[in-house]
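Structure record follows, encoded as C-alpha cells.
None of the figures in this text is laboratory data; all of them are computed from the coordinates on show. Because the structure is a prediction, the values reported are computed rather than measured. Cβ atoms come from the backbone with ideal geometry, glycine included; neighbour counts cover every protein chain shown.
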Amino acid sequence: MRQGNYYTVGDLANLSGQPSSAVADAVKFLTKYGFVKRLGREDALFTRTSIKISPADTLNILQYMTNT
C-alpha cells in the first residue's frame, strides 16, 4: 500500500492474493492502530498514513490475524 494512494478491501485482496475477509480484518487492525486511514463508510477507501511499516511486517500482521 502506497501513501497517497487509495484502495478498497477488494483492491488489497487482489494485490495480496488473500481472501477479502482476511484483508478486511487486517485493515481493521491497521486502522485501529493508525497505520492506515479510512475514508467513507460504504465502499470505504483506505490509504497509508505516515507511520512506516515494512511489507514483511504487514504480511506478519495479516498472517497473525488469519490464524487467530
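Structure notes:
- Across the chain, Cα pairs under 8 Å and at least six residues apart give a relative contact order of 37 percent.
- Trypsin sites (Lys or Arg not before Pro) lying in DSSP loop within the chain, provided at most 15 other Cβ fall within 10 Å: R2, R41, K52
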